[in-house]
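Following: one structure in structure tokens, then a few remarks.
Each value in this text was obtained by applying a stated rule to the coordinates, not by laboratory testing. As the structure is a computational prediction, the values presented were derived from the model and not from experiment. Here the Cβ positions follow ideal geometry from the backbone for every residue, glycine too, while neighbour counts run over all protein chains shown.
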């Protein structure tokens, strides 16, 4: 049992678990304490100095974000004195921040801007001074504008601790402190894997995704172009947040939206996820049941993970599934299968992927196999956040749109396809089909719940026709290291490998927590988004990929067998060790 | 009667002239037939100041001050010939200094553990381990002594130790903070260099008291000699079995290691220091948890500074009550000050708590560097401290009194300021230091300090407005309240305290565009005095901005707009014709 | 290992620091060295040897009188113990000859 | 840096410290003592040898004033700007050195002869104002003397 603490905040009695901070405790009694550096998802960094409160008996002010509540404490969170200090601190921060709000990617969506508005700051009392640090767009995915950085440290924490990438760091000190890759190289030369968690956690416009919405609008305006679109599973359950709705699934409204925006075909990445499972489950069965190829098989549909592996763990290449990620498969299919069947010149196709992910922007040109159709398979990737902006620009009342259907040929999906969006989903989907491939029967229960949930590494044993399959699901790159090391250790010692099948997603929570998703992600939101995804799975009649009739037709009409020649050409890729980066 | 030596020093006598006096003294000695009985030695310094002619007669070791010509005869007859002391001339030779922490500095060879043991060293450790044989009893002695941390805040040492002692865990750490960063304070360096074993012994005793098995000495990398001497001390202590396994057969095992700082003032802050020992950026962490609960590598850790630890061995060997007899009700023992600035004898002084600032300045440190100038204030506590104006010089020095005056004890920097020093300039110096040394983590300190410095620059450049004073106060308040660590919370103190006592000086800069002390160069005006100018034209050639015009017939003038106040003209003028005002 | 015993410690303490009658101590902390104490120390060692003057020459820490560095404290039997300040190599030699050998104080350099 | 043998030097220092906790700063000190700065190759090697992210190493090097990323000059001038020196005119000394050598604080002359640092307290306040060139301390320095002092260094 936890020890409970009783204290008083602004005269209101509060009872919380021992260790609860003043900030959290205040929230419980409907008191909001402003902060710029504390993010719900992260431990406090105590950098901004805005969340100060008074504790009776001390003439100091304390940071609510990191001061634990103690028995009988009497706290004042807002009095004229505190508000005055907060105002001064806020003005100080603003004096070191450009007034570019109108032309900033975070306009109207910026935590600093919002606080400045709350405090009604209408005059600058302190002389403006800016740090002259150039913008860094070298990754082509993540844009760093250190000038706008308030040094809250969130990006550093996610990059170093959550993701274990160490692309970003604090350099120098005092007024010279800045965020930068180590040793003044640019982001493109750094170990950055483009997961985008930094951009998703940044309170200001200091780190943003590269905005490709203009390219989409341009293509939509171009009458020569045949624009097709696909959405990833995690997008549909998060886009609502940009319009104030959480935990809802907007699949059918999104279909309607895309048509109104001018897309000629509306597909769904979930369909390709079903295809992906056909290939990946086949790979697994080949290696597991027919002993062709090394185990464990490791999933490869997360591009940040692929980049991470190529940079830091190239010895794992042989374990990687060669199946391309779903949106790439769909991209290839639109420029081959779809154009052939509809007699369209593939060159006219402009394929847009709407992803919860920033690394997908990098993936579309990662290697030669991303041009399997003979053209670049996907032309542009935009993130959920960019889509939200496009919706607002389009003037469409998104929440009140009628529901529509997708274009079935490359759109209809099963429950297995949609759960790709959450950690453990790919594994679960693959197991559903692998069970069938191995046994020839359908599993009685399609749910493999041991793969679900937000625990960093989920290990379990699955019984497939009397054979135990040892699996591991890891999300958040810092947890991946654990799994990889176990495999490596066992290999080195010549012992039996600890797993047969491993799923890895770079972002905590999987794609629902992706770096391109709406701001303010935290476990609560990750759970809501995940629940919406599993609800979709639950609601489906078909819940295994191999039963998707359109997938069956695709293989029958066009591809042949999974892992066959054509499948190999269109759906598979290769990996290579990237020049050894030092984290 | 043994041969007498008469040391003579003129300490600023008004009536007598030293040289004549020596002749008179010699003559009278000869006349009294005592020429063979005593020799006269004029000396450079005698440790007594502002007391006219001072004689010290050896080997009697009696000191006479304010000696006049008329006294010579009496001195020869009574003291030189008869060995009697003349009470009315006798100078109260009681040394205002009391050396506890610096006891061995200048006495022992720092590289010799034998010297230290001969001076009574390691007796404190012995008492702790072999007589008291109890962590609680050691802490009890500390409690009795009333020793408070000498690093700045003055937190009772025993309380810290007791907190750490009560933590139940497999590992605790003892850390010595030797990252003395206060510009102008160097007592820690002096102790580490002059009496390293005292620090080592203090560390072992502290380690025993809290239940640590490992100690780290964190020393500034800029102190290579201190590091060398501590290294040697550790080696020798280990060899003697005073460090390492089963110390003095007591069963207590303790190891120590040196870690170097790398030039970051903020690492004087406990949590920043811990981060630095861990090999990370020295950025402070929020407290709680306090290091005594969760410190180095998340284990309970105690950090004491060098001066505190150096006092510990003697507290143990002499008993806590011994120290408690020295000092004031709340501040026990002595404090070492590094006194510099416009003072005659800059150096380290160790004085009992409760002594007045006036005594320190005029009696211990020899008074002002230039006695013609007036003292304006004394700054204590370094960059986190404040100024104490001359009206408060009679305040007894202890933690509480300094606090009441808006300053602090700090690590013991003491700067004497005379009328030629500008308070705006001084505030700028200290604030500039803190801005340079801010770790950059928290916004109030990082940006607040910078903005205040800009405002001070504006004022000293003659561009200040009265509203700037309010802005300074507003930022200072926010920094005090909203900064994460001590550095930011106190960085504005020098500004606030100079503003409190010398607001007029600020206003002179702002309203009259004048620096009363003549220090702020943008408020100075260089002028060529017609009467002194010989029209040689050297100043014209040396002016980097061609601000001086004129010719040999008409004379030269300085264009105040073009002048960048570099002072070259004053320097090159042989006739002192260029004056600044 | 030559562990020290409590008894040895006690007897050493009784003897005290200065076991010889004639000695010279040179303040050798950073401030002293900056002012030239290392040269003074070396000169004393060299010259005492060269001139056959028997005296123990030791280094010690800083006595705090920074304004008067380098400081040399001299104790010679029959003379009071004095501290010389602002000592140079030449003065060091004079101290050896005049103070230590001839038992006369070196004027103008005595500080305490 | 004629006799630089980075691998051997680093190996020796790392060997001494590798098994001790939190030894990064001590190893960096070791390298800087040898070379006068921390060469980039060292940081890279160190990262691999110690399995410490390069970012962590740079975070540390750039945080502490003591560590340098550029090779120092042949002679290093440190002018003390501690309180005592400041009050006694050290700022003028800095201006003079800057003027004479045409460099700023933290910079090295084009010929690599001199590097200028401003330091906080060399611990000889009794000699204020103080400047140090390499290991030699100059006390009670006057502005006019600087040109002469600098001429002793080639």
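For the stretch B:89-189, go through all pairs of different Cα atoms, get the mean of 1/r, take its inverse, and jot down that Kirkwood value in Å.
Result for the stretch B:89-189, one decimal place: 16.9 Å.
When only alpha-carbon atoms are used, what values of Rg and Dmax, in angstrom, describe chain B?
28.2, 92
Sum -39500 (n - 2.57) across every DSSP H segment of at least 4 residues in chain C, then divide by the residue count to get the 222 nm mean residue ellipticity, nearest 500.
-9000 deg cm²/dmol
Distance between Cα centroids, the stretch A:191-232 to the stretch B:233-300: provide it in whole Å.
Spelled out, the Cα-based centre of one part sits 50 Å from the other.
So how many Å³ per residue does the convex hull of the Cα atoms of the stretch A:150-215 work out to? Walk me through the numbers before you get to the answer.
Values: hull volume 6.7 nm³, N = 66.
Enclosed volume per residue, from the Cα hull, is 102 Å³.
Compute the projected area of the convex hull of the Cα atoms of the stretch B:113-323, averaged over all viewing directions, and report it in nm² to one decimal place.
With every direction weighted equally, the projected area is 10.4 nm².
Taking the radius of gyration and the Kirkwood hydrodynamic radius from Cα positions alone, what is the Rg/Rh ratio for chain A, to two decimal places?
Answer for chain A: 0.99.
Could you list the residues of the stretch A:536-562 with an amide nitrogen less than 13 Å from a label point located 7 Å from the Cα of residue A:292 in the Cα-to-C-beta direction?
Only A:561-562 pass the distance filter.
At q = 0.09 Å⁻¹, work out log10 I(q)/I(0) for the protein assembly as shown with the Debye formula, treating every Cα as an identical point scatterer and leaving solvent out; two decimals please.
Log10 I(q)/I(0), no solvent term: -1.25.
Dividing the Cα convex hull volume of the stretch A:225-571 by residue count, how many Å³ per residue is that?
Output value, Cα hull per residue: 120 Å³.
Using only alpha carbon pairs under 8 Å that are at least six residues apart, calculate the relative contact order of the stretch B:340-472 and give it in whole percent.
22 percent
Under the definition of Cα pairs under 8 Å and six or more residues apart, what whole-number percent is the relative contact order of chain B?
11 percent.
Quick one: the Cα spread of the stretch A:4-92 along its three principal axes, in angstroms, biggest first?
Largest to smallest, the principal-axis extents are 38, 29, 22 Å.
Under the √(5λ) rule applied to the eigenvalues of the Cα gyration tensor, what semi-axes describe the equivalent ellipsoid of chain D? Give them in Å, descending.
Here the semi-axes work out to 34, 17, 13 Å.
Using a Förster radius of 45 Å, what is the FRET efficiency between residue A:10 and residue D:70 based on their Cβ-Cβ separation? Nearest 0.05, please. Don't skip to the end; give the middle numbers.
Numbers: r = 54 Å, r/R0 = 1.20.
About 0.25, to the nearest 0.05.
What percent does the relative contact order of the stretch B:524-580 come to when contacts are Cα pairs within less than 8 Å and at least six residues apart?
Relative CO of the stretch B:524-580 lands at 48 percent.
By how many degrees, 0 to 90 and rounded to 10, does the Cα axis of helix A:269-288 deviate from the longest principal axis of chain A?
70 degrees
For the stretch B:423-510, count all C-alpha to C-alpha pairs, find those more than 18 Å apart, and express that count as a whole percent of the total.
33 percent
Using only the alpha carbon atoms of the stretch B:524-580, find the Kirkwood hydrodynamic radius as the inverse mean reciprocal pair distance, in angstroms to one decimal.
10.9 Å
How much of the pair distance distribution for the stretch D:6-63 lies past 14 Å, counting alpha-carbon pairs only, in percent?
Taking all Cα-Cα pairs of the stretch D:6-63, the fraction more than 14 Å apart is 47 percent.
Could you check the spin-label model distance between residue A:342 and residue B:512? Points 7 Å from the Cα along Cα→Cβ, value in nm.
For residue A:342 paired with residue B:512, the spin-label model returns 8.6 nm.
If packing is taken as the average count of other Cβ atoms within 10 Å, what order do D:14-24, A:220-230, B:47-57 fall into, highest mean first?
Output ranking for D:14-24, A:220-230, B:47-57: B:47-57, A:220-230, D:14-24.
Quantify how strongly other chains surround peptide B:38-47 by giving the mean number of their Cβ atoms within 10 Å of each of its Cβ atoms.
Mean number of neighbouring Cβ atoms from other chains: 5.
Counting only other chains, and only Cβ atoms inside 10 Å, what mean value do you get across the residues of B:105-118?
Taking the mean over all residues of the peptide, I get 6.
For the stretch D:75-151, what percent of Cα pairs sit more than 19 Å apart?
On the way: 692 of 2926 pairs.
Of the Cα pairs, 24 percent sit more than 19 Å apart.
As a test of the formula, what do you get for chain B when each DSSP H run with n ≥ 4 contributes -39,500 (n - 2.57) and the sum is divided by the residue count, at 222 nm and rounded to the nearest 500 deg cm²/dmol?
-10000 deg cm²/dmol
Determine, for B:31, B:170, B:60, the number of other Cβ atoms within 10 Å of each Cβ, and report the residues in order from fewest to most.
B:170, B:31, B:60
Enter the per residue convex hull volume of chain C, computed from alpha-carbon coordinates, in Å³ rounded to the nearest integer.
132 Å³
Please give the helix C:6-15 orientation as an angle from the longest Cα principal axis of chain C, in degrees from 0 to 90, rounded to the nearest 10.
30 degrees
For each of A:409, B:187, A:4, count neighbouring Cβ atoms within 10 Å of the residue's Cβ, then give the residues from fewest to most.
A:4, A:409, B:187
In degrees from 0 to 90, rounded to the nearest 10, what is the angle of the helix D:6-17 Cα long axis to the longest principal axis of chain D?
Tilt relative to chain D: about 80 degrees.
Taking neighbour Cβ counts within 10 Å as the exposure measure, how do A:366, A:526 sort from fewest upward?
Neighbour counts put them in this order, fewest first: A:366, A:526.
With a cut-off of 17 Å, note down the residues of the stretch D:125-154 whose backbone N falls inside the zone around a label point 7 Å from the Cα of residue D:111 toward its beta carbon.
D:147-154
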